Amino acid sequence: MNRENSIEFLNQNNTNWDVIIIGGGATGLGIAVDASLRGHKTLLLEQSDFTKGTSSRSTKLIHGGVRYLTQGNIGLVFEALHERGLLFKNAPHLTQNLSFIVPSYQTWKGYFYTLGLKIYDVLAGRLSLGNSSYIDAEKVKKHLPNLKTKHLKNGTIYHDGQFDDARLGINLAQTSVENGAHVLNYMRVTGLEKNEKGTIHKVQATDLETGKDYGLNTKAVINATGVFADNILNMDEQEKKPIILSSQGTHLVFDSKFFPSDYALMIPKTSDGRVLFAIPWYTKVVVGTTDIIVEKESLEPKALQKEINFIIDTFNQYLVEPVTRADVLSVFSGLRPLARPQKEHLKTKEISRSHKIIVSKSGLVTIIGGKWTTYRRMAEDTLDYIQKKGILPKQKCRTSNFKIHGFSLNQDTKNPLHRYGTDAAKILKLTEENPEWAAQLHPDYPFIKAEVIWAVRHEMARKVEDILARRLRILFLDARAAVLMAPETATLIANERKLPHSWTIEEIKNFEVLAKGYWLE
């Protein structure tokens, strides 16, 4: 996957695309994979880096949604559990079976949660990750050493999936390219052009690295921009009524000493009526999330103080050794692109997470809602719909059992490179080209310089942020450590891309400013 090659292709070929996808998050990348496998000439355009927005800021769960079960949304849970199972089969290098414990401080609740989660197991069917079970207080204490045990009666264990969201996004991009698609980051869509019938037939876009403008002919345009969907809809039809309601979810990251367990904690009911998770992820614990309406979409949403206080206060209700603001290693927020409800005053937790496909008079197809777990189904439904309308020839979806780039059954989670799957050996091979690339970028973390080189050469990483936030994930794990890694990372990128020293200096400054938004003063 090489950006220069795709730009050269655009410059030398006046291609009539079958599909142009706007947006390089979970939904857009999933559509790119599906469309390319169906044989459609596919181009994806992303204004920033792949998964820069919501798709790199999830709770890192591939799950059916336990709380949707309590809301009675059986259909959504069934669909999500099925998709969870497919992703485990298609991307085992990025997914992990994670055991969750729901502690109960009233005897009857343990039986109640166990019964409810047995229904969860049944809905998963043959793609189940394991059976839920009732456990006594002693086993809860054994599995969760820092959990408060006063009045603890029992607990329930259930299974769900964990993954690395941004790395899955990159692997989906690679999968689509390997099957004929072209994907471009830092390519902003600036306009939609219609023919005499009022149908969109061309997309105007600008390469943000060179400033060059492109007019790209296409049969179909898919708006998969998440919280930015209304911006694209306004290019099609000015002053169009908004269809997106953005809900912010914030997560705090702590050292694992506060949660020394391989099990995850699920707090079943918080003060705002949601569930809260404490999840071991790499060498840290991620705690979240929140759910509040925000009025303005942003690529870098900021956590509100009330969200931070809510997470810390709720988490501490269950901990023997409490956490403080000073213990937060990283804080990150993402915006959920919810379909704006017709009923006013609905709480965000009551708004459906099901996806929705909208087609305008001009033929612009917009896909909204959904979540990472159901990205593949969203792509399938979108392309099936377009084909049904006769915009594209009918071709069967092939993604249900298609292996995603990096597919490897040889899981050695102790190997820091395991998340690369089959690419891990290729990264190690780079250290033969230059032995210095085997060195770590930070003494406390296993990331090596060869990973930076790999990301630049094969994963379209262009900036320090691309690598430290989304290829290596260190910005989301330890923001201050990421800042210390920035100078060496910038130097490696500059040398590889043959960029001037002035670029390196500017890039380090830009990243330092960005990273300050990920820690608490």
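Remark: the stretch 234-241, residue by residue, has Karplus-estimated 3J(HN,Hα) of 6, 5, 7, 8, 4, 6, 6, 4 Hz, where x stands for each Gly or Pro and the curve is 6.51 cos²θ - 1.76 cosθ + 1.60 at θ = phi - 60°.
3J(HN,Hα) along the stretch 260-271, derived from phi through the Karplus expression 6.51 cos²θ - 1.76 cosθ + 1.60 where θ = phi - 60°, amounts to x, 7, 8, 8, 9, 9, 10, 8, x, 8, 9, 5 Hz, with x in place of Gly and Pro. Beta bridges assigned by DSSP with both partners in the chain are antiparallel in approximately 80 percent of cases. Going toward the positive end of the dipole of the stretch 116-273, with +1 on Lys and Arg Cβ and -1 on Asp and Glu Cβ, which of A205, L117, Q238 do you reach last? It is L117. Accessible surface of the stretch 67-201, 1.4 Å probe: 54 percent of it comes from carbon and sulfur atoms. Taking 0.36 nm per residue of separation and subtracting the Cα-Cα distance, full extension of the segment from A438 to K197 would add 80.9 nm. Taking the C-alpha atoms only, the angle from helix 375-388 to the longest principal axis of the chain is near 40 degrees. Stretching the chain fully between V122 and W503 yields a gain of 131.6 nm (0.36 nm per residue, less the alpha carbon separation). Protein heavy-atom accessible surface, 1.4 Å probe, per residue over the stretch 385-521: 49 Å². State which entries of K109/K141; K414/K516; K426/K463; K142/K284; K212/K463; K41/K429 exceed 26 angstrom in Cα-Cα distance in the structure shown. Pairs exceeding 26 Å: K414/K516; K41/K429. A cut-off of 5 Å between modelled amide H atoms, ignoring neighbours fewer than 5 places along the same chain, links K202 with E193, T218.
The HN-Hα couplings worked out from phi for the stretch 47-60 by the Karplus form 6.51 cos²θ - 1.76 cosθ + 1.60 (θ = phi - 60°) are 5, 10, 9, 4, 6, 4, x, 3, 6, 10, 10, 7, 7, 6 Hz, whole numbers, x standing for Gly and Pro.
Each residue was assigned an accessible area with a 1.4 Å probe, and for D213 the value is about 110 Å².
To the nearest 10 degrees, how steep is helix 449-458 against the longest Cα principal axis of the chain, on a 0 to 90 scale? Here the helix axis deviates by roughly 40 degrees. Here is how the number arises for the chain: DSSP H runs of 4 or more residues each give -39500 (n - 2.57), the sum is divided by the residue count, and the result at 222 nm is -10500 deg cm²/dmol.
Per-atom-type breakdown for the stretch 202-296 gives carbon and sulfur 48% of the accessible area (1.4 Å probe, protein chains only).
Here r is the Cβ-Cβ distance between E496 and N11 and R0 is 30 Å; the resulting FRET efficiency, rounded to 0.05, is 0.85.
In this structure the stretch 184-337 gives 42 Å² per residue of accessible area when probed at 1.4 Å with all protein chains present. Maximal additional length on extending the E512-L484 stretch stands at 9.2 nm, based on 0.36 nm per residue less the C-alpha distance. Axis of helix 423-433 versus longest Cα principal axis of the chain: the two differ by about 70°, to the nearest ten degrees. Computed about the Cα centre, the dipole magnitude for the stretch 419-521 is approximately 260 debye when only Lys and Arg (+1) and Asp and Glu (-1) carry charge, each at its Cβ.
Peptides 504-515, 232-243, 56-67 ranked from most to least packed by the mean count of surrounding Cβ atoms within 10 Å: 56-67, 504-515, 232-243. Summarising the amide proton neighbourhood of H93: residues at separation of 5 or more, or on other chains, whose placed amide H is nearer than 5 Å comprise S408.
Where Rh is the Kirkwood radius over the Cα pairs of the chain, the temperature 10 °C and the viscosity 1.306 mPa s, what D in µm²/s does Stokes-Einstein return? Stokes-Einstein gives a translational diffusion coefficient of 67 µm²/s. Ordered by solvent-accessible area of protein heavy atoms (1.4 Å probe), largest first, the residues F78, F402, F476 come out as F78, F402, F476.
This model, with +1 at the C-beta of Lys and Arg and -1 at the C-beta of Asp and Glu, gives the chain a dipole about its Cα centre of some 1560 debye.
The residues of the stretch 17-93 expose on average 21 square angstrom of accessible surface per residue, using a 1.4 Å probe on protein heavy atoms. For the stretch 1-144, the residue among I62, L129, L87 whose Cα projects farthest onto the positive side of the dipole built from Cβ charges is L129.
Under 5 Å from the amide H of I135 lie the amide H atoms of G155, T156, I157, each residue being 5 or more positions distant or on a separate chain, with H modelled from the backbone and absent for Pro and chain starts. Take each peptide in 164-170, 24-30, count the other Cβ atoms within 10 Å of every residue, and average; sorted highest first, the result is 24-30, 164-170.
The values are calculated or read from the model by the stated rules, or taken from the named source; none is laboratory data. Here the structure is a predicted model, which means the values were calculated and not measured. Backbone-built Cβ (ideal geometry, glycine too); neighbour counts: all protein chains shown. Calculation scope for accessible area: heavy atoms of the full protein, side chains included, ligands and nucleic acids excluded. Shrake-Rupley method; radii C 1.70, N 1.55, O 1.52, S 1.80 Å.
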